[in-house]
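The structure appears right after this line, and notes come after that.
The values are calculated or read from the model by the stated rules, or taken from the named source; none is laboratory data. Keep in mind that this is a model prediction, so the values were computed, not measured. Quick reminder, even Gly has a Cβ in these numbers, built from the backbone with ideal geometry, and neighbours come from all protein chains shown. Ligands, DNA and RNA are excluded from the accessible area calculation, which covers all protein heavy atoms including side chains. Shrake-Rupley method; radii C 1.70, N 1.55, O 1.52, S 1.80 Å.
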Amino acid sequence: MSDSSSCKTAVITGASSGIGKAFAHKLAERGQPLVLVARRRDRLEEIRKSLQEKYSVDVAIRLADLSLPSTIQELASELAARADVGLLVNNAGFGTMGDFAEVDAATHEEMIQVHVSATSLLSHAVLPSMLRQRQGAIINVASMSAFLVGPGQVMYASTKSFVKVFSESLLEEVRE
């Protein structure tokens, strides 16, 4: 499939800081309409205002805690109903340090939701429209940890390995 065109909307998860914020700035510079997804309203509002002032681009924000399965489902349903998503950047994520048995099990589950469930379900939501239109792109942000095995980041490395293999496998599936 071809890259998304500048008239299509780009959806960026984890857009309130770091790599997601950098994606937002680069895409806004190209004039691409944006939907910025993150948990922190104040940061999203600040980024939206800055991008609109600097680049005169359409920027919508969507508050979403992607550690919650119901929120992932809601966002996936919203994206599936749109025909204008030309780029999805699955960037939301977080890490923890500590031995697997010492990190709270709920934190491990939240990481699985953010890295694995959100990445796969949001990709699944936008891909059919992209395939029909033969246009679009999905960028799944992994980590160098996807290539590493080591103590202290068992769940992070495992979920980022999923993102890497999922992305490579999906690329092969839709390559034609």
note = Across region 60-94, the tally of residues that are within 22 Å of ARG132 (Cα to Cα), hydrophobic (A, V, I, L, M, F, W, C) and buried (at least 19 other Cβ atoms within 10 Å of the Cβ) stands at 7
query = Identify, please: which residue in region 14-59 is among the hydroxyl-bearing types (Ser, Thr, Tyr) and under 21 Å from GLU110 (Cα atoms) and is, among those, surrounded by the fewest Cβ atoms within 10 Å (Cβ to Cβ)?
reply = SER17
Residues within region 155-176 that are open to solvent by 40 Å² or more (accessible area, probe 1.4 Å) and either part of a loop (DSSP other than H, G, I, E, B) or in contact with a helix residue (DSSP H, G or I) (Cβ under 6 Å, 6 or more places away or on another chain) (or both), tallied = 5
note = Note on region 19-47: residues of a type outside the set (Lys, Arg), without any contact (Cβ under 8 Å) to a residue 40 or more places away in the chain and in a helix (DSSP H, G or I) are ALA22, ALA24, HIS25, ALA28, GLU29, ASP42, LEU44, GLU45, GLU46, ILE47
note = When VAL11 is run through (1) crowded, with 21+ Cβ neighbours inside 10 Å; (2) in contact with a Ser or Thr (Cβ under 8 Å, 6 or more places away or on another chain), the failure sits at (2)
Residues of region 95-140 classified as open to solvent by 50 Å² or more (accessible area, probe 1.4 Å) and within 15 Å of GLY20 (Cβ to Cβ), total = 2
task = Sort out which residues of region 7-59 are over 22 Å from SER117 (Cβ atoms), touching a strand residue (DSSP E or B) at 6+ places or on another chain (Cβ under 8 Å) and hydroxyl-bearing (Ser, Thr, Tyr), and write them in order of number.
result = THR9
Close pairs (9 angstrom Cβ cut-off, 6 or more residues apart or separate chains): at negative phi and of a type in the set (Phe, Trp, Tyr) in region 54-74, part of a loop (DSSP other than H, G, I, E, B) and at pLDDT below 95 anywhere = none
inquiry  = So for region 7-16 (the condition being in contact with a Lys or Arg (Cβ under 7 Å, 6 or more places away or on another chain), at pLDDT 95 or above and in a loop (DSSP other than H, G, I, E, B)), does at least one residue qualify?
reply    = yes
inquiry  = Checking GLY152 against (1) in a helix (DSSP H, G or I); (2) over 18 Å from the mean Cα position of the chain (by Cα): exactly one of these is not met. Which one?
reply    = (1)
